[in-house]
Amino acid sequence: MFNLSSISSTNSAPRHVKVLILGAGPAGLSAALYAARAELQPVVLTGTQIGGQAALTYTIENYPGFPEGVGGAELGDLFQKQAERFGAVVEFDSAQSVDLSARPFRVQTDNGEYTADALIISTGASPNQLNVPGEVELTGKGVSYCATCDGWFFKDKPVVVVGGGDSALEESLFLTRFASSIKIIHRRDSLRAGAILQKRAFENPKIEFVWDTVVTEIAGREKVEAVRLKNVKTGAESLLPTEGVFIFIGHTPNTQMFAGQLEMEGGYIKVDERMHTSVPGVFAAGESADSHFKQVITSAGMGAAAAIEATRFLEAEAG
Ligand code: NAP
């Protein structure tokens with residue numbers, strides 16, 4: 001028996017849209033809101049993480065309008081509802097490849113193909129790995145890149161956090177709800193994180209810092225049992241027993257798909273102050289194009305700007 005539905009979807013003509021948005025984080029959903037209000041019926045492809053990295057954050061305290069803070073997943077949900085109210089369509093689908101050499105642009109996805117008059121790229125960024133022995137093997141078995149997702153599994157257990165930025169401290173503070181103790185392993189003797197988070201972390205009795213130290217191996221058979229540490233100043237090595245390793249050492253933009261088609265800088269898509277990329281009709285916003293600010297509000301602002309510019313681009317073309 002032939003499966004008619006799969007044959008028809010494989011052979012079906014590409015779906016044409018005026019504005020296609022890749023990624024459903026704060027940048028993508030803000031772009032969707034603005035493009036929808038311009039009556040461009042944008043389609044948003046969610047990729048793997050609806051709400052983007054923000055949705056993995058327990059509480060966001062620096063997005064204006066929420067004086068008590070707002071849950072990351074809840075904020076993503078509100079962004080989506082607001083965009084949909086004006087006609088944006090959110091599809092649970094991921095772009096696999098793009099062809100930006102001619103218009104309409106072509107985007108191959110998990111479920112089919114799109115053509116688009118204008119494209120807004122808001123594919124965000126993914127957490128960096130330490131690239132030490134044991135990391136890949138023990139991911140999901142004690143190694144995690146998301147405290148909000150996995151913190152609960154470490155109730156009354158000792159964990160380590162790697163990193164010295166805002167993410168490391170914010171996620172450590174979240175982990176204090178569950179873990180018995182948190183050792184933050186940082187490769188220097190001063191933090192990159194902002195002052196408020198530093199103050200909260202220093203004051204929290206469950207958090208301890210291990211300075212000038214790197215993780216050289218994550219050890220364990222079925223699950224994480226210990227991390228091997230090395231002091232970068234003295235060279236001294238030690239083994240620290242732990243059940244969880246949370247890694248927050250920055251992010252890499254999800255832009256590999258556009259290499260060779262768009263101008264890039266350090267892996268980030270190059271945009272001008274109006275979110276135009278090197279290809280007319282292609283705009284980029286959020287962490288795929290922002291190596292500097294990386295905040296929910298700046299990503300949302302870039303998304304809105306990209307959609308305004310996409311609207312103007314299509315209007316100018318239509319005369
Ligand atoms: P980040 O600011 O780039 O910090 C990464 C941290 O990991 C740094 O402390 C860095 O050490 C360390 N690191 C990098 N590579 C390492 C390696 N191979 N081994 C060991 N340590 C390594 O990244 P982030 O904390 O994810 O923050 C990203 C952006 O999001 C920032 O702009 C941040 O302000 C923002 N953010 C804001 C909030 C908030 O406002 N509440 C929350 C989360 C994130 P060095 O310091 O030595 O470079």
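The values are calculated or read from the model by the stated rules, or taken from the named source; none is laboratory data. Remember, it's a predicted structure, so these values are computed and weren't measured experimentally. All Cβ positions, glycine included, derive from the backbone under ideal geometry; neighbour counts span all protein chains shown. For accessibility, only protein heavy atoms count, side chains too; no ligands or nucleic acids. Shrake-Rupley method; radii C 1.70, N 1.55, O 1.52, S 1.80 Å.
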Restricting region 175-200 to residues that are over 22 Å from Phe293 (Cβ atoms) and of a type in the set (A, V, I, L, M, F, W, C), the one surrounded by the fewest Cβ atoms within 10 Å (Cβ to Cβ) turns out to be Phe178
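Every residue, every condition in (1) modelled with pLDDT of 95 or more; (2) surrounded by 23 or more Cβ atoms within 10 Å (Cβ to Cβ); (3) not in a loop (DSSP other than H, G, I, E, B), yes or no:
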residue: Gln80; (1), (2), (3): yes, no, yes
residue: Ser97; (1), (2), (3): yes, no, yes
residue: Arg103; (1), (2), (3): yes, no, no
residue: Tyr114; (1), (2), (3): yes, yes, yes
residue: Thr123; (1), (2), (3): yes, yes, no
Residue satisfying all of: in region 148-171; open to solvent by less than 40 Å² (accessible area, probe 1.4 Å) and more than 11 Å from the ligand (Cβ to nearest atom); farthest from His251 (Cα to Cα) among these:
Phe154
Show the residue pairs that are 6+ apart or on different chains and have beta-carbon atoms under 7 Å apart, the first residue being within region 163-175 and outside the structural domain of Tyr145 (by TED's automatic domain parsing), the second being near the ligand (Cβ under 10 Å from one of its atoms).
none
Among the residues of region 48-78 satisfying the criterion of being without any contact (Cβ under 8 Å) to a residue 12 or more places away in the chain and charged (D, E, K, R), which is nearest to Asp93 (Cα to Cα)?
Glu74
Check whether at least one residue in region 283-302 is in contact with a helix residue (DSSP H, G or I) (Cβ under 8 Å, 6 or more places away or on another chain), surrounded by 20 or more Cβ atoms within 10 Å (Cβ to Cβ) and at positive phi, and report yes or no.
yes
Residue among Val245, Val224 that is buried (at least 18 other Cβ atoms within 10 Å of the Cβ) and in a strand (DSSP E or B)
Val245
Selection within region 201-221 - within 16 Å of the ligand (Cβ to nearest atom) and open to solvent by less than 70 Å² (accessible area, probe 1.4 Å)
Ala201, Asn204, Ile207, Phe209, Val210, Asp212, Thr213, Val214, Val215, Thr216, Glu217, Ile218
Failed condition for His16, given (1) open to solvent by 20 Å² or more (accessible area, probe 1.4 Å); (2) part of a loop (DSSP other than H, G, I, E, B), with all others met?
(2)
Just one listed residue, out of Ile297, Ile247, Ile308, is in contact with a strand residue (DSSP E or B) (Cβ under 8 Å, 6 or more places away or on another chain), closer than 28 Å to Asn62 by Cα and modelled with pLDDT of 95 or more, and it is Ile247
